[in-house]
Amino acid sequence: MARGKRYQPEQVVNLLRQIEVAVANGKTTAQACKEAEIVEQTYFRWRKEYGGLRVDQAKRLKELEQENAKLKRLVAELSLDKLVLKDIASGNF
């Protein structure tokens, strides 16, 4: 895969399973990761984040993370608007 390729959550879970099967069949983690075309660091990061999740759960997790980020931006914008209106109302402009 090209450097910086983004994997979908379903792909991540499937690759984690593929690597786990390869390790269970006697390969080292390094060999299994190389066959999956990812580095070990990525494998361990994904395992920490997605370990034990099913494909549908991983997809839902990413959707919720994106929604949460969107809501945080919205709250930040509204808080800024509130501060600006408060300053204008008190005559500090």
### Task
Under 9 Å between Cβ atoms, at least 6 apart or on separate chains: pull out the pairs that start in the stretch 59-80 with a residue that is at negative phi and at pLDDT below 95 and end on any residue that is of a type outside the set (D, E, K, R) and in a helix (DSSP H, G or I).
59/9; 59/13; 60/9; 61/9; 61/50; 62/9; 63/9
### Query
What do you reckon, is residue 54 modelled with pLDDT of 90 or more and either within 11 Å of the chain's Cα centre (by Cα) or of a type outside the set (Asp, Glu) (or both)?
no
### Task
Filter the stretch 9-37 down to residues that are among the small types (Gly, Ala, Ser), closer than 23 Å to residue 59 by Cβ and surrounded by fewer than 15 Cβ atoms within 10 Å (Cβ to Cβ), then give me how many there are.
0
### Message
Condition first: surrounded by 12 or more Cβ atoms within 10 Å (Cβ to Cβ) and of a type outside the set (D, E, K, R). Now tell me which residues in the stretch 50-80 satisfy that.
### Response
50, 53, 55, 57, 58, 61
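The values are calculated or read from the model by the stated rules, or taken from the named source; none is laboratory data. Just so it is clear, the structure is predicted and the values come from calculations on it, not from any experiment. So basically every Cβ, Gly included, is an ideal-geometry build from the backbone, and we count neighbours across all protein chains shown.
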